[in-house]
Amino acid sequence: MTYQASQADFFGAPTALPDGFHYRPEVISPEQERRLIEQIAVLPLKEFEFHGFLGKRRTVSYGWRYDFNGGGLQRGDGMPEFLLPVREAAARFAGLNPADLQHALVIEYPPGAQIGWHKDRPVFDEVVGISLLSPCTFRLRRRDGSKWQRASLIAEPRSAYLMQGSARTEWEHSIPAVAELRYSITFRNFKGESRGRCRRDMSVPNSRRQGIRDAWRLECRDCLARARSRRA
């Protein structure tokens, strides 16, 4: 494993990797990686779109997809069979049930592609990422008053990371521009009551969600009723 706390900068001193962040090298074999890359190469990848802007990286989602142009969480195509073994490996590393990892996001990073600072959407809980083909720098930061706590590590090919707890909810993460072609597969489960249960209708209209202030906010009709009864 290659990791380090970030260098001190004008905004804050270096810090150790956050609580709830876990990393493990060689979660899959080189042969598994080779087969995954062959399968990913023929997927219907599309440029990532965010509020009308197109990014350099290309993506495709399975199980569920998040529309960043206002559509929110939507049901997507079923999980393809070739992703099931790597989902099992990701779940085993994270101590989760593979079936709970209902969302898979496959990303292609051509040279120069990056991801800016962000947190994953609050509807999701644990996040498990698998790196393929080439390494990247995985950066994390958390505001501490007027400064930033920062940390980073090198995510090597075939490695996995897990974000849960404060690493998931309090820290932002980003990936600076990569030097070589890279792929990743990210698996997510749902937060709170929605995990493993809200599988019927996640496309509740905005008007139906007014006054519901759960962190994940997008709920099926049954969960919406439960939330309202708790607030009564």
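Using a ≥ b ≥ c from the Cα gyration tensor of region 2-190 (square roots of the eigenvalues), is it rounded, prolate or oblate, where a/c under 1.5 gives rounded and otherwise the larger of a/b and b/c decides, a/b for prolate?
Because its axes are fairly even, with a/c under 1.5, region 2-190 counts as rounded.
By per-residue mean of other Cβ atoms within 10 Å, what is the highest-first order of 169-175, 115-121? Don't skip to the end; give the middle numbers.
Numbers: 169-175: 18.3, 115-121: 14.3.
Per-residue mean Cβ counts within 10 Å order the peptides as 169-175, 115-121.
List the lysines whose alpha-carbon lies under 28 Å from that of LYS191, not counting same-chain residues fewer than 8 positions away?
Cα-Cα hits under 28 Å: LYS46, LYS119.
For TYR23, TYR183, what ranking results if the residue with the fewest other Cβ atoms within 10 Å of its Cβ goes first?
By the 10 Å Cβ count, ascending, the order reads TYR23, TYR183.
When the chain is fully extended, how far beyond the present Cα-Cα distance does GLU81 get from GLU38, taking 0.36 nm per residue of separation?
Numbers: separation 43, 0.36 × 43 = 15.48 nm, distance 1.38 nm.
Here the segment from GLU81 to GLU38 would lengthen by 14.1 nm.
A short reminder: the numbers here are calculations on the coordinates, not readings from a lab. Only a predicted model underlies this, so the values are computations on that prediction, with no experimental measurement involved. All Cβ positions, glycine included, derive from the backbone under ideal geometry; neighbour counts span all protein chains shown.
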